[in-house]
1. Going by how many other Cβ atoms sit within 10 Å of their own, how do S90, S244 line up, fewest first?
2. Longer than 23 Å from Cα to Cα, which of K139/K201; K615/K641; K116/K146; K19/K389; K120/K389 are they? Say none if no pair is.
3. What is the dipole size for region 457-580, taken about its Cα centre, with +1 at each Lys and Arg Cβ and -1 at each Asp and Glu Cβ, in debye to the nearest 20?
4. Highest first, please rank the peptides 378-385, 534-541 by the mean number of other Cβ atoms sitting within 10 Å of their residues.
5. How many angstrom lie between the Cα centre of region 235-251 and the Cα centre of region 7-49?
6. If each residue of separation counts as 0.36 nm, what is the full-extension length gain between L554 and R346 once their alpha-carbon separation is subtracted?
7. Less than 25 Å apart at the alpha-carbon level, and either on another chain or at least 8 residues along: which lysines does that give for K460?
8. Over region 332-442, what per residue volume does the convex hull of the Cα atoms give, in whole Å³?
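No value in this document is a laboratory result; all are computed from the given coordinates. Since the structure is predicted, the reported quantities are computational estimates derived from the model, not experimental observations. Cβ atoms come from the backbone with ideal geometry, glycine included; neighbour counts cover every protein chain shown.
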Amino acid sequence: MFSKILIANRGEIACRIIKTARQMGIKTVAVYSDADADALHVEMADEAVHIGPPAAAESYLIADKILQAAKDTGAEAIHPGYGFLSERASFVEAVQAAGLTFIGPDPKAITAMGDKITSKKLAEKAGVSIVPGHMGIIKDADEAVKISAEIGYPVMLKASAGGGGKGMRIAYSDDEAREGYISAQNEARTSFADDRVFVEKFVEQPRHIEIQVLGDKHGNVIYLGERECSIQRRHQKVVEEAPSPFISDATRKAMGEESVALAKAVDYCSAGTVEFIVDKDQNFYFLEMNTRLQVEHPVTELITGLDLVEQMLRVAAGEKLSLRQEDVTLTGWAMETRVYAEDPFRGFLPSIGRLTHYQPPVEEDGVRVDTGVFEGAEISMFYDPMIAKLVTYGETRAEAIAKQRTALDEYYIRGIAHNIPFLAALTAHPRFQAGDMTTNFIAEEYPEGFEGGLLRDEVKEAMIVAATFINAVVKSRASQIEGQISDPIGPQDKRWSVVLGGETTTTMIFPYQDHSEVAVGPKSVEIICDWMPGEHVFHARIDDTDYAMEVDNLPLGWALTCDGVTRDVLVLSERAASLYALMPEKVAPDTSKYLLCPMPGLIVSVAVGVGDIVKAGQVLAVVEAMKMENILRAEKDATVKSVSAAAGDSLAVDAVILEFE
């Protein structure tokens, strides 16, 4: 076994690999850019080597710098994580030429499976079902339109070297095929330095289900069950689970056996994933093989009891697999949500900045948090906006979902926008809980975008009770501090007016030795809670139901978050409530005459000029942020009055790009 390895990655995956290496007694070397000098993976590793400026193209993607760092520190092997250099055969060859071990598959497998066109041809030859399409390289937008029309809409345009949802566009018409080809090609060129694009039939009502495979250098390959990854946005996975609530044992076996056959065809030796698109009748078609560790690997680990990073290390060191196919068992249910620095209320635009507060849920009782950040860390514009992977485990799917929802309520993040409200809404959705999902789930359920989760009546009442209890605790604490208040009357002797959503409810609280009673109007509600001022998360049992709520101070009350829904809850005296009702409502400024930059990013192009008449839906500009291109369109017909930005400009959020007449 290796005594020291270098991790050619950053963030949560670097931290994840370090944890397993530490348990195995293996020392680790981290690499870092200027932007990551204070990153968690740098702190966790035994050694760290600086490799360049913030841009990945000048640091994490420079193979020579990675190899030099390994040589200088005496590392014997390199683990690539995922992304960056993990699927570049040339990097593997360079690692091997330097006398080091690559913790992953051989260059042959990466070359064969890393190119989507080549991999589909190999899959077809190996007897694996593939989606109908045109496997040749498309030379230009006109040819993309012609081929798409011949296949029949809808079609998917894909970057041959793509991954992670980048360089992919769905087209339902000639115009969308033309536009999608150009965008996919541009994104592929930027992300992968390879602008080849191909097209295939888009399977409607599809599920995205993948098989985890594991092979060694002695010809042994097994599969470790499947993962359901159908909840996606812009082809990027949002929620993953194992096993799938959809496929049968027979389908699982068939998919697994085909995956093993494909892996054996390329002498695969490491952890890898074979991805399929599955229709409503459980017919499955090969999509691609990812020759690396997947972001969602923890759900497989939890239901199999295997540490996939450990298996990769042992295989790379030449060991045989310690188990056979018949030894693989799937126990319980695991679910993962990807916590991102993005604003779901603004079209999921990336958010950057400092984590002024960061308190993940406690890792116990089936809760696991894979993260690469800490309180005070900065989310940079240079890398993927993932904050963490939140994983929960239960004996049943319902239990895994319940734990996931509670853990999301306990995840306290401030300083940046994040997608936890959206994740909470997804996991609470009746259709998701029933296991009724396709890759179109988000588009179907949120066609106008995400506008917030539903505040259930029971949660609303719980918020009123919680705010009354918090108010009592805070007032009681203040009354014990000399000179802080002049009113000797304890809060339990007062009536309070609780304002939530424009409605006012009268409450009173009656504390007892082991619980409190809160009168909510004519109703009496029991609460058991030990919350203290300063705690960001409020845990309570309210009428036999457990709640976790995030708590933020307001001048006249608290902002409470539960079930992904945030509400301002004001606790006022009856007199103050009557005066508050007379306060004028603040009106937001009118920005309809401006095209504002929706995120910090780089202007790729501006498609219009002063005096141009634009139509609703017309492309106005393209902004690149966190390696993704975002197309900005006109919301209505208008005339361009002025242009304030040009290609190449770096803009802050809400900076003016265009002004309309």
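1. Numbers: S90 12, S244 23.
Ranked by crowding around the Cβ, least crowded first: S90, S244.
2. Numbers: K139/K201 18 Å; K615/K641 14 Å; K116/K146 21 Å; K19/K389 15 Å; K120/K389 30 Å.
Those over the limit are K120/K389.
3. Values: 9 positive and 20 negative charges, 103 e Å.
Taking the Cα centre of region 457-580 as origin, the dipole is about 500 debye.
4. Values: 378-385: 21.1, 534-541: 16.0.
In decreasing order of mean packing, 378-385, 534-541 become 378-385, 534-541.
5. 31
6. Details: separation 208, 0.36 × 208 = 74.88 nm, distance 2.36 nm.
Using 0.36 nm per residue and subtracting the Cα-Cα distance, I get 72.5 nm.
7. Straight-distance partners of K460: K403, K475, K494, K523, K586.
8. Working: hull volume 11.3 nm³, N = 111.
It comes to 102 Å³ per residue, whole-number rounded.
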